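A.B. asks: To start, I am sharing the structure in question, which I have written as structure tokens.
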Amino acid sequence: MLVLLLCGCGAPAAREDGAVEAGRAFEAALASGDYAAACRLLAPESRGQLEQDEKRPCGQALRAQGLPDGGDVRDVDVYGRQALLRLVGETLFLSQFDEGWKVTAAGCVEQPRDTPYQCAVKGA
């Protein structure tokens, strides 16, 4: 029983680390102009919505968004399989899939109280 409790205590930190790592990898891919790598880090629904909205392949569509440089991580909130990653220049939303954390929304800007974030890239 004690072993289960100890394993459970580390799970939230591991999820936070995974979300932060995925968010940083997404930002690094954008910063280096590797839009193919950034697209691989998008959740399938978000990637599909982006391609549908822009009517072009993901890499071209993502480049056209002109996403801001996220910069350093300010904080991360993880709720189960969902995460909110606040960076200096933007906010990312992520979900945990079987193959790891994926970005579900990017280029997000906080809005006034009780109003949803406005995001340049998002799922349907």
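A.B. asks: What fraction of the DSSP beta bridges in the chain is antiparallel, stated in percent and rounded to the nearest 5? Before the final figure, lay out the partial values.
C.D. replies: Working: 20 of 21 bridges.
Counting DSSP beta bridges with both partners in the chain, the antiparallel share is about 95 percent.
A.B. asks: Could you tell me how many cubic angstrom of Cα convex hull volume the chain has per residue?
C.D. replies: On the way: hull volume 14.7 nm³, N = 124.
Enclosed volume per residue, from the Cα hull, is 119 Å³.
A.B. asks: Still on this structure, I have one more. What distance in nm lies between label points placed 7 Å from Cα along the C-beta direction at Arg56 and Asp69?
C.D. replies: 2.3 nm
A.B. asks: So, one more: Helix-derived [θ] at 222 nm for the chain: sum -39500 (n - 2.57) over DSSP H runs of at least 4, divide by residue count, nearest 500? Mind dumping the intermediate values first?
C.D. replies: Numbers: 4 runs with 54 residues, N = 124.
The per-residue figure over the chain is -14000 deg cm²/dmol.
A.B. asks: Let me ask something else. From the convex hull of the Cα coordinates of region 6-68, what is the mean projected area in square nanometres?
C.D. replies: Details: hull surface 19.4 nm².
If I average the Cα hull's projected area over directions, I get 4.8 nm².
A.B. asks: Bin width 10 Å, alpha-carbon pairs only: give the P(r) of region 60-124 as whole percents, running from 0 to the bin holding the largest distance.
C.D. replies: Percent of pairs per bin, in order: 21, 53, 25, 1.
A.B. asks: Name the most mobile residue of Arg81, Arg113, Arg15, meaning the one with the largest mean-square fluctuation, in a Gaussian network model of the chain with Cα contacts below 10 Å.
C.D. replies: Comparing Arg81, Arg113, Arg15 in a Gaussian network model of the chain, the most mobile one is Arg113.
A.B. asks: Relative to the longest principal axis of the C-alpha atoms of the chain, give the angle of the C-alpha long axis of helix 44-54, reported between 0 and 90° and rounded to the nearest 10°.
C.D. replies: 20 degrees
A.B. asks: So which residue, out of Gly89, Gly107, Gly66, gets the largest mean-square fluctuation from a GNM of the chain using Cα contacts under 10 Å as springs?
C.D. replies: Comparing Gly89, Gly107, Gly66 in a Gaussian network model of the chain, the most mobile one is Gly66.
A.B. asks: Right, another one. Relative to the first principal axis of the alpha-carbon coordinates of the chain, what is the inclination of helix 2-31, with its axis defined by its Cα atoms, in degrees from 0 to 90 and to the nearest 10?
C.D. replies: With rounding to tens, the tilt is 20 degrees.
A.B. asks: Based only on other Cβ atoms within 10 Å, what is the fewest-to-most ordering of Tyr35, Tyr79, Tyr117?
C.D. replies: On the way: Tyr35 19, Tyr79 9, Tyr117 15.
Ordered by Cβ neighbours within 10 Å, fewest first: Tyr79, Tyr117, Tyr35.
Where a number appears in this text, it was derived from the coordinates with a stated rule and is not lab data. Because the structure is a prediction, the values reported are computed rather than measured. In this analysis, Cβ positions are derived from the backbone assuming ideal geometry, glycine residues included, and neighbour counts consider all displayed protein chains.
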